[in-house]
Each structure stands twice: as C-alpha cells, then as structure tokens.
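To start, the structure itself, in structure tokens.
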Amino acid sequence: MVYDLIIIGAGAAGLFAASKAENINILLLEKKDRPGLKVMVSGGGQCNLTHSGYMSHFLAMYGDQKKFVKPALLSFDNKQTVAYFESLGIECFEREDGKIFPVSLDAKAVVKALKEDIDCKGHKKMLQKTPVLDLYKSEGTFKIVTEGQLYEALNVMIATGGRSYPALGTEGDGYAFARKLGHTVVEPRPGLTGVVSGKISALEWSGIALKEVELVHNMLKARDGMYTQRAVYKGDLLFTHFGISGPVVLNKSRYLEKDDLLYLNLIGMSSDAAEKLFLETAGDRPLAFWLNQIKLLDRFKSELLKALGLTGQEKMGTLSKPNRKALIKWLTQFEVKVDALQGFKQAMVTVGGVDTTEIDSKTMASKIVEGLYFVGEVLNVDGDTGGYNLQWAFSSAVAAVQAIEKRCL
Ligand SMILES: Cc1cc2nc3c(=O)[nH]c(=O)nc-3n(C[C@H](O)[C@H](O)[C@H](O)COP(=O)(O)OP(=O)(O)OC[C@H]3O[C@@H](n4cnc5c(N)ncnc54)[C@H](O)[C@@H]3O)c2cc1C
C-alpha cells in the first residue's frame, strides 16, 4: 500500500497533524512504546498548551525566526488551538500570566484525546515501538525503513522533535534524515536551559528568586579575547544549586555561550541612583544601616561584606571611594560567568535544527525534495517559555497537513 502521508514521530506536532487530517490515508510511526511522551511532561505534567494574546505579541517570542513562523501562526493561532482542543473535549483556561492550560491540568488527557481522535478514524493508523531507521525517495515515492518493514508514501512529514530530553525519544534522528535528503542542519544546542556557574553554586543562594532583574549580557569576541555588550534583558531570575535559571535566563539562553559574562542588578536600582542614595545617607551611619535601607537580602549582605572585607559596622562616611565604587558595582553589576549551559538532558527545547531558509514558511514543505515536510521542533525554531513551543508544533503541523491534503486531492 502507498500511503498519502507517513508521519515520523507521534509527539505534539505529529499527533496534531494526524488528528487534523481529514481525507488522506495516514500512517503515523512512533519510536517509543507510547505517543506524546514529551507532551505528557510539558508544563510540569500540566501542559501549557499555548498563550493568550495577539499574534503580533507571539511573533517576538521566537528569537530571530519571527518572519518564518508568522504565516503558520497567523493561519492557525492560539484561539484556534483552544477551540480545537475544546472540540476534542479538552476544556482550557487562561492563567493570570496568560498561559493556557487544560482545565484538568492533565497533560496525559491531552495526548489521550488526540490519540483517541486518530484511533477512531479508519483512514489513520499509528504504530508504536516502530522507530524509523532510514528514509529515501525513489521512483516518485518515499521509502520508510523500520526494523523488518519497508513502508511507502507519497508524502512524508518529519515530526521527530529536537534533541532535548533524549530519554523521551528525541535523540535528533530527524536531523540525520534531513541531511541525507540534502538539507542543512543548523548545529543543535540546548535551549530554554539554565546557566551553570561555579561562582553561584559555591554561594548559599539557591532558592532566591528576584523579580524583573536587569541582566546585561556581554559576549566574548573570539578573535581578540575582548568582551562586548550584546544586549540588556529584563525578567524574573532564580538562583539555583547549579547557577542561575528562571524565565529571563531560560528565554535568553538561546543567545548565551560558554564564557559569556552576565551582570545582574541585585537591587533594582541603577548604579547612579544607588551611589546618589549612598552619598545622601553617608555620614556616621554604619554601612549595615544603608544595606537595610535598600532592603538587601541577608544572604546577599553576608557575601557582599565578605567580598569587600568589611563588617558592616564601618561608618559610611569613612568608606574610601574605591570601596564605595566596588560596593555599588557588586550590587548593581554582579558578575556571573557562563561556565556552561545545562545540557540536552535538562534543556526544554533545542536551538538549531533544519535550516528554515530551505523550507516554505506557508506549508512547511521542503524546497529541496518534493513531498517532504518538516514540522515542530526539528526545525530551527524555538520559542520562549509560556506555551509558544507547543503552539509552534500545532501551527506548523496544520500548515503542513493542509498543504499535503491539497496535493492529494
Ligand atoms: C520538560 C519539558 C516541559 C515542556 N513544557 C512545555 C510547555 O508547557 N509548553 C510548551 O509550549 N512547550 C513545552 N515544552 C516543549 C514542547 O514539549 C516541545 O517543543 C514539543 O513537544 C515539540 O513537539 P514536536 O512534535 O516537534 O516533538 P516531540 O513532541 O518531542 O515529539 C517527537 C516524537 O518523535 C518521536 N521520534 C523521534 N525519532 C523518531 C524515529 N526515528 N522514528 C519514530 N519516531 C521518532 C519521538 O519519540 C517523539 O515522540 C516542554 C519541553 C520539555 C522537555
């Protein structure tokens, strides 16, 4: 039998594509013994399906891929995602922060609903524990090789995900298929991941959360070994046992590299404002008074005094200018070197993947091989935290399946 479409990978994008397809014969091949394993762990098992808001706001959440993701997101947006899940019996709700979840907060129920929708249609079939080993095109059709079987299809959708959380089936197989078929793969790197810092892990700061921190990112220029400022980010930050994490670090990790320097403002005040306040308060008052006045956390205070060799009882007016400058710098530009990013085992997504310049952004079709489609995270697209990655998986899947159905008419 020649299938209209074979989908490789029954994750978020593969399941959604199969569920949305109306009139074509589909075979869905999944490597693991259950489909949608990564969806099941998403949002801490609660599944942050998408985010509320206008698409203009959405587009900024995909780093440099704004232009590429636009057509698919516009033609199948967050509202359509919610409506579709509700049609499958998954009621959704919006949290205060705009994240959208199923009311049941049960990611397994989301996978079950998609699977049941696929199972009940005669023209769709799913095989689990069936890893695709090879893929090639000959005599006008795709040949899909699994252990002991050769399947044939007019169209193939590669929905194998990225490389993060490899134990869930995502080991980067799609990149090998893409390269074999002539595509370029932008080197995959861990994304939505924390920064490992020996300096921070040696401190007892784990668990401290800061709101709306300003974080200055300086990059090391390979050629002359000098640092240059890349950007200033703002958002919530968390100190952990390994270094730093939290939304601002996770979302910007796509831009970070080993040995980059990050400067954190620990007091939410510019250095000029902090110095002005210091000078206004100075006099016979002890330094500890001022540190309390700016509401510095005790755990920061003890490290600051240790770093500057002070006790806190020094009269502010007696502090030398270099000491005062060092104090203000420590508070407003606390230096953290990126020793490493957490690896693929901890990263929530993969940065990099199949080069989007070789893909039609309206249909997800390969510009190199006719009938070949890439959807979801296997592409060089990664979104911020907040439901943007699942939304991308769903929107790209719909774009591809609609194009394939047109081809098969
Ligand atoms: C811990 C965690 C939490 C997350 N939480 C959220 C969240 O709340 N909201 C959000 O938007 N995003 C979240 N994400 C990201 C999101 O889950 C992914 O971006 C999304 O699942 C990608 O969809 P996909 O279909 O491209 O790949 P996946 O969902 O990863 O599916 C790929 C599938 O392909 C299969 N496969 C791979 N190779 C083969 C092969 N050779 N043959 C057959 N099958 C194969 C895999 O087994 C897998 O089932 C989270 C990710 C992680 C790791």
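The values are calculated or read from the model by the stated rules, or taken from the named source; none is laboratory data. Nothing here was measured: the structure is a model prediction, and the numbers come from that model. No Cβ is skipped: glycine too gets one built from the backbone with ideal geometry, and neighbour counts run over all protein chains shown. Remember, those area values only see protein heavy atoms, side chains included, never the ligands or the DNA or RNA. Shrake-Rupley method; radii C 1.70, N 1.55, O 1.52, S 1.80 Å.
A compact table of results
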| quantity | calculated |
| --- | --- |
| Residue list for region 260-289, restricted to those being under 24 Å from PHE239 (Cα atoms) and of a type in the set (Phe, Trp, Tyr) | TYR263 |
| Flag for TYR54 being modelled with pLDDT under 95, among the hydroxyl-bearing types (Ser, Thr, Tyr) and either out of contact with any strand residue (DSSP E or B) (no Cβ under 9 Å at 6 or more places or on another chain) or surrounded by 14 or more Cβ atoms within 10 Å (Cβ to Cβ) (or both) | yes |
| Any hit, region 306-328, residues being crowded, with 21+ Cβ neighbours inside 10 Å, within 16 Å of the ligand (Cβ to nearest atom) and not in a loop (DSSP other than H, G, I, E, B) | no |
| Failed condition for VAL336, given (1) closer than 23 Å to LEU256 by Cβ; (2) in the same structural domain as GLN65 (by TED's automatic domain parsing); (3) outside any helix (DSSP H, G or I) | (2) |
| Region 262-277: number of residues that are farther than 9 Å from GLU214 by Cα and either among the hydroxyl-bearing types (Ser, Thr, Tyr) or in a loop (DSSP other than H, G, I, E, B) (or both) | 4 |
| Residue match in region 278-300 (condition: closer than 29 Å to MET226 by Cα and open to solvent by 20 Å² or more (accessible area, probe 1.4 Å)) | no |
| Residues of region 355-408 satisfying the condition of being small (Gly, Ala, Ser), away from the ligand (no atom under 12 Å from the Cβ) and part of a loop (DSSP other than H, G, I, E, B) | SER361, GLY371 |
| Criterion violated by LEU150 - all others in (1) more than 23 Å from MET348 (Cα to Cα); (2) touching a Leu at 6+ places or on another chain (Cβ under 7 Å); (3) of a type outside the set (Lys, Arg) satisfied | (2) |
| Residues satisfying the stated conditions in region 68-126, i.e. free of Cβ contacts under 8 Å to residues at least 40 places away in the same chain, in a helix (DSSP H, G or I) and open to solvent by less than 40 Å² (accessible area, probe 1.4 Å) | VAL82, PHE85, ALA109, ALA113 |
| Strands (runs of 3 or more DSSP E) wholly inside region 130-229 containing at least 3 residues that are in contact (Cβ under 8 Å) with a residue 12 or more places away in the chain and either open to solvent by 80 Å² or more (accessible area, probe 1.4 Å) or away from the ligand (no atom under 14 Å from the Cβ) (or both) | 149-158, 185-191, 209-220 |
| Selection status of GLY312, modelled with pLDDT of 95 or more and either of a type in the set (Gly, Ala, Ser) or in the same structural domain as THR184 (by TED's automatic domain parsing) (or both) | no |
| The lone exception for LYS32 - which of (1) open to solvent by 30 Å² or more (accessible area, probe 1.4 Å); (2) at pLDDT below 95 it fails | (2) |
| Number of the exception - LEU331 against (1) of a type outside the set (S, T, N, Q); (2) more than 9 Å from the ligand (Cβ to nearest atom); (3) under 28 Å from the mean Cα position of the chain (by Cα); (4) open to solvent by less than 10 Å² (accessible area, probe 1.4 Å) | (3) |
| Within region 1-25, considering residues that are aliphatic (A, V, I, L, M) and away from the ligand (no atom under 14 Å from the Cβ), the one most open to solvent (accessible area, probe 1.4 Å) | MET1 |
| Pair list, Cβ < 6 Å and 6+ apart or interchain, from region 21-38 residues that are in the same structural domain as LEU49 (by TED's automatic domain parsing) to residues that are away from the ligand (no atom under 11 Å from the Cβ) and part of a loop (DSSP other than H, G, I, E, B) | ASN25/HIS123 |
| Residue in region 77-92 that is charged (D, E, K, R) and farther than 23 Å from SER361 by Cα present | yes |
